[in-house]
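All remarks here apply to the structure that follows.
The values are calculated or read from the model by the stated rules, or taken from the named source; none is laboratory data. Everything numeric here is computed off the predicted structure, so don't read it as measured data. Neighbour counts run over all protein chains shown; Cβ positions are idealised from the backbone, glycine included. The protein model used for the area step is the full one, side chains on, heavy atoms only, and it has no ligands, DNA or RNA in it. Shrake-Rupley method; radii C 1.70, N 1.55, O 1.52, S 1.80 Å.
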Amino acid sequence: MSKRESDEVTGVETTGHEWDGIRELDNPLPRWWLWVFYASIAVAAVYWVLMPSWPGLTSYSKGILGQSDRQAVVGELQALTAERGAQAARLRTASLDEIERDPELQAYAQAVGQSVFGDNCATCHGTGGVGAKGYANLRDDVWLWGGELADIHRTIQVGVRSGGPDARFSQMPAFGRDQMLTPAQVDDLTEFVVALSRRPADVAAVRRAAPVYVAQCVACHGVKGLGDQKQGAPNLTDQEWLYGSTRQAIHDQIWNGQGGVMPAWKDRFDPETLKALAVYIHANAGGR
Amino acid sequence: MTVVIDRSGPTAARTSPVSAAAKARGPAYVTGLYKPRQPIYPKLVHGRWRAIKWALLIATLTIYYVTPWIRWERPGTLPDQAVLVDFAGRRFYFFWIQLWPQEVYFLTGLLVLAALVLFLSNALFGRLWCGYSCPQTVWTDLFIHVERLFEGDRNARMRLDAAPWSLNKAWRKIGKHAVWLGIAFGTGGAWIFYFHDAPTLIRTFWIGQGPLTGYIFCALLTFTTYVFAGFMREQVCIYMCPWPRIQGAMLDEHSLQVTYRYDRGEPRGAHKKGADWTGRGDCVDCAQCVTACPMGIDIRNGPQLECINCGLCIDACDEIMDRVGRPKGLIAFDTDAAVEARAAGRPAIYKLLRPRTAFYGVALAAVSGAMAWGFSVRTTLDLHVLRDRNPVFVRLHDGAVRNGYTLKIVNRGFEDETVIVAFDGPPGARIKTPAAASSGASLTVVAPANEVRALRVFVTLPPQALSAPNLPASFVVRTSKAEARVETTFLSGAANTP
């Protein structure tokens with residue numbers, strides 16, 4: 001520290017330090033800056049009193065305003081429920097057909113349905129509802145268990161092969177794996193199914209397979225292969241294939257007899273959500 | 001930086017105290033950022049231009065205060081206010097016209113038109129807008145008049161300000177500020193009526209039930225009116241407004257503006273009654289033009305940035321010319337070219353039609369024409385089409401393909417419209433809404449008045465129509481009066497059949 005000296009141009013005292021011939025003027029802080037600084041301290045003090053701020057050993061200072069983000073969220077959720085109460089109540093009392101005919105209620109159901117579908121159904125059926133191999137396409141007009149609004153509602157409630165007492169249940173035997181048919185018979189049946197869907201097939205194989213089809217398959221898929229929605233048996237004459245339409249895919253299905261599982265949702269959702277979901281899926285499938 | 005405005009001339013005895021102090025302290029110090037205001041005490045004048053100013057003041061204020069109260073019946077629940085900016089409903093109503101946010105280009109066009117009118121009037125007659133119809137001028141003029149009612153004219157006001165505080169001074173000042181605040185509040189209050197139903201708002205406002213934005217903007221405009229018109233006055237024009245800087249580019253030597261005819265006035269000097277006028281100009285140096293000026297300038301210094309072309313100095317000078325027995329018009333709306341020509345002994349020529357004015361005129365006509373055309377072809381029916389993207393198409397059991405679309409049918413009219421929606425594409429297309437039980441060649445729906453109806457539709461094409469993976473098509477909506485068409489595509493995925 002050298003002794004205090006003044007700058008000759010301005011007459012302001014310097015800090016006394018010198019770096020490469022440069023000396024620093026010892027001007028006071030700008031007054032406005034100082035006042036802003038004091039004001040900030042004051043605001044902080046007031047904030048400590050009003051708002052939760054200081055951690056303690058077991059808890060924290062609550063602040064006299066009682067501000068709590070958790071409480072705020074709970075309050076907002078309650079307000080939301082209250083706000084939607086009227087529409088939710090109408091959804092609960094209205095029948096499925098009434099919901100679909102009332103444009104306002106339908107729009108509400110669609111919005112609820114879309115959000116629930118995205119959270120719960122999209123994992124298997126895709127965000128757009130087109131499904132995947134082994135997972136049903138919900139956007140077309142082909143339905144294993146019926147495409148009427150009530151059928152869809154029912155399927156969502158009880159699920160498929162979900163284990164519940166009311167669950168939709170169907171089982172395709174594993175004709176090859178369980179040696180119910182010989183590999184040659186399975187090959188012939190594959191040709192028969194290809195022919196059912198009006199595609200070129202080996203005529204001799206189809207002839208050989210006809211009695212096997214009658215003996216093993218007619219009970220579920222019907223004489224003409226049109227399937228049966230009461231049993232969840234797919235129509236074999238259309239162009240939709242849950243497990244693929246190639247000869248290999250058809251052969252594999254006859255050999256292994258796969259069947260998927262869909263959970264029952266009636267215990268997860270309240271009745272109005274189930275209805276909304278059914279209306280959403282029905283509408284996006286083009287209705288029936 | 002110090003803003004110094006050159007006021008050289010007889011009245012330029014105003015040397016800035018800031019710059020004087022700065023000089024005394026030496027060059028190491030930066031002078032203050034702002035120059036302290038020189039109080040201006042405009043004197044009341046009588047005459048032609050003052051009368052026009054009164055008339056325009058009454059007219060513009062009447063339009064401003066009355067417009068929100070004009071009713072204009074519209075059907076249904078639409079607002080019955082003739083002029084309304086409805087932010088909540090996102091509509092702008094102007095008598096028989098209603099604009100949607102998508103049509104904001106009409107507003108842009110209107111602003112362009114206003115700018116062109118401003119340019120043209122400026123090129124022809126100088127700053128008429130500034131002098132007569134700018135809100136800053138109008139409210140300042142009104143405030144000065146209120147000031148005059150309480151404190152008297154120029155001399156009385158100067159005396160009052162110089163006098164020590166007394167009861168007389170106090171009540172005059174308090175009265176003035178009270179009336180000013182009243183007017184300012186009225187100004188802010190009228191402003192918010194343009195954004196809400198006026199008869200409803202005037203009730204809810206007083207009982208504390210009005211919208212928050214209403215209170216905020218009322219307070220904001222009350223504050224700005226009070227401060228701008230009461231205290232800042234000409235400083236707003238000189239320091240805050242960009243127009244004085246721009247207007248110089250619009251003016252030329254043929255623009256008519258308030259001009260001191262130095263060819264006639266100089267050499268100026270005091271004049272004794274009955275003395276000879278030969279060898280001297282008509283200006284008797286009475287400085288009445290200076291005392292009358294609300295901008296605090298001396299017009300005899302030539303065209304200046306501060307001059308708003310209000311013509312009050314003309315009235316003040318004419319009065320004096322009358323009194324001393326000289327012809328009026330020593331200060332008048334005149335052009336620099338004319339004054340120069342007369343000073344040089346040539347006859348003055350006035351040229352209103354110049355390349356500049358011609359250009360502004362043509363531009364004005366072109367923009368007006370474009371606006372008129374835009375309005376004439378404007379329809380009340382509009383259509384937007386959004387394709388479903390997930391899934392882009394769905395194959396049905398019989399090989400037919402279905403696409404989903406969301407149509408937005410815009411009905412800008414005041415009445416519900418029955419709209420026929422058709423899909424114009426490959427033959428055999430069927431269209432339906434999700435909830436409908438059956439499909440047909442077209443749909444009939446109702447588009448509610450003044451709304452956008454979002455309509456989900458499914459279009460199904462039979463297998464034999466699927467000639468390519470994507471098929472050009474379009475949606476058509478039509479009412480009895482209008483039709484709208486939007487091109488789209490139908491995706492079939494025909495290339496990868498199972």
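Descriptive notes on the structure:
- Scanning segment B:463-479 for residues that are modelled with pLDDT of 90 or more and either charged (D, E, K, R) or in a strand (DSSP E or B) (or both) yields B:LEU471, B:PRO472, B:ALA473, B:SER474, B:PHE475, B:VAL476, B:VAL477, B:ARG478.
This table checks each residue for (1) without any contact (Cβ under 8 Å) to a residue 12 or more places away in the chain; (2) in a loop (DSSP other than H, G, I, E, B); (3) on the phi > 0 side of the Ramachandran plot.
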{"position": "A:ASN137", "(1), (2), (3)": "no, yes, no"}
{"position": "A:TRP145", "(1), (2), (3)": "no, yes, no"}
{"position": "A:ALA204", "(1), (2), (3)": "yes, no, no"}
{"position": "A:VAL223", "(1), (2), (3)": "yes, yes, no"}
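- Check on A:LEU77, open to solvent by 50 Å² or more (accessible area, probe 1.4 Å), closer than 29 Å to A:GLU272 by Cα and away from chain B (no Cβ under 12 Å): yes
- Some residue of segment A:47-67 being over 26 Å from A:LEU149 (Cα atoms), assigned to a loop (DSSP other than H, G, I, E, B) and in contact with a Lys or Arg (Cβ under 7 Å, 6 or more places away or on another chain): yes
- Condition met for B:PRO434 (more than 10 Å from every other protein chain (Cβ to nearest Cβ), closer than 27 Å to A:ASP140 by Cβ, assigned to a loop (DSSP other than H, G, I, E, B) and in contact (Cβ under 8 Å) with a residue 12 or more places away in the chain): no
- Any hit, segment B:454-462, residues being within 12 Å of another protein chain (Cβ to nearest Cβ), more than 17 Å from B:ILE409 (Cβ to Cβ) and assigned to a strand (DSSP E or B): yes
- A:ASP7 falls short on exactly one of the conditions (1) within 30 Å of A:GLN110 (Cβ to Cβ); (2) of a type in the set (Asp, Glu); (3) within 14 Å of chain B (Cβ to nearest Cβ), and that condition is (1).
- Looking across segment A:105-127, just one residue is open to solvent by 40 Å² or more (accessible area, probe 1.4 Å), within 14 Å of chain B (Cβ to nearest Cβ) and among the hydroxyl-bearing types (Ser, Thr, Tyr), and that is A:THR127.
- Of all residues assigned to segment A:20-27, at least one qualifies as being modelled with pLDDT of 90 or more, acidic (Asp, Glu) and not in a helix (DSSP H, G or I).
- If you go through segment B:250-272 and pick out every residue that is touching a residue at least 40 places away in the same chain (Cβ under 8 Å) and either within 16 Å of B:ALA343 (Cβ to Cβ) or not in a strand (DSSP E or B) (or both), you end up with 15.
- Some residue of segment A:9-23 being basic (Lys, Arg), surrounded by 10 or more Cβ atoms within 10 Å (Cβ to Cβ) and free of Cβ contacts under 8 Å to residues at least 40 places away in the same chain: yes
- Subset of segment B:35-59 (residues that are open to solvent by 40 Å² or more (accessible area, probe 1.4 Å) and under 23 Å from the mean Cα position of the chain (by Cα)): B:ILE52, B:TRP54, B:ALA55, B:LEU56, B:ILE58, B:ALA59
- A single entry from A:LEU144, A:LEU138 fulfils the requirement of being modelled with pLDDT of 90 or more, within 30 Å of A:ARG207 (Cβ to Cβ) and within 14 Å of chain B (Cβ to nearest Cβ): A:LEU144.
- Some residue of segment A:274-282 being away from chain B (no Cβ under 11 Å) and surrounded by fewer than 17 Cβ atoms within 10 Å (Cβ to Cβ): no
- Within the set A:ARG198, A:ARG268, A:ARG208, the sole residue that is within 14 Å of chain B (Cβ to nearest Cβ), of a type outside the set (A, V, I, L, M, F, W, C) and open to solvent by 50 Å² or more (accessible area, probe 1.4 Å) turns out to be A:ARG198.
- The one condition from (1) within 12 Å of chain B (Cβ to nearest Cβ); (2) closer than 25 Å to A:THR155 by Cα; (3) in a helix (DSSP H, G or I) that A:ASP238 does not meet is (3).
- Meets criteria (away from every other protein chain (no Cβ under 14 Å) and either in contact with a strand residue (DSSP E or B) (Cβ under 6 Å, 6 or more places away or on another chain) or of a type in the set (Val, Ile, Thr) (or both)) for A:THR155: yes
- Test: B:PHE94 is open to solvent by 70 Å² or more (accessible area, probe 1.4 Å), within 27 Å of B:THR224 (Cβ to Cβ) and in contact with a strand residue (DSSP E or B) (Cβ under 9 Å, 6 or more places away or on another chain): yes
- Matching option when the condition is open to solvent by less than 60 Å² (accessible area, probe 1.4 Å), within 25 Å of A:ASP238 (Cα to Cα) and at pLDDT below 95, among B:VAL401, B:VAL410, B:VAL445: B:VAL401
- Any chance A:LEU96 is surrounded by 14 or more Cβ atoms within 10 Å (Cβ to Cβ), within 14 Å of chain B (Cβ to nearest Cβ) and in contact with a Gly (Cβ under 9 Å, 6 or more places away or on another chain): no
- Qualifying residue in segment A:267-276 (condition: part of a loop (DSSP other than H, G, I, E, B) and farther than 19 Å from A:ARG90 by Cα): yes
- Residue count, segment A:241-265 (criterion: among the hydroxyl-bearing types (Ser, Thr, Tyr) and either within 12 Å of chain B (Cβ to nearest Cβ) or without any contact (Cβ under 8 Å) to a residue 12 or more places away in the chain (or both)): 2
- Selection count where residues are of a type in the set (A, V, I, L, M, F, W, C) and in contact with a helix residue (DSSP H, G or I) (Cβ under 6 Å, 6 or more places away or on another chain), scope segment A:157-193: 7
- Verdict on A:ASP102 being at pLDDT below 90, within 10 Å of chain B (Cβ to nearest Cβ) and buried (at least 20 other Cβ atoms within 10 Å of the Cβ): no
- Some residue of segment A:177-189 being in a helix (DSSP H, G or I), among the hydrophobic types (A, V, I, L, M, F, W, C), away from chain B (no Cβ under 14 Å) and in contact with a Cys (Cβ under 8 Å, 6 or more places away or on another chain): yes
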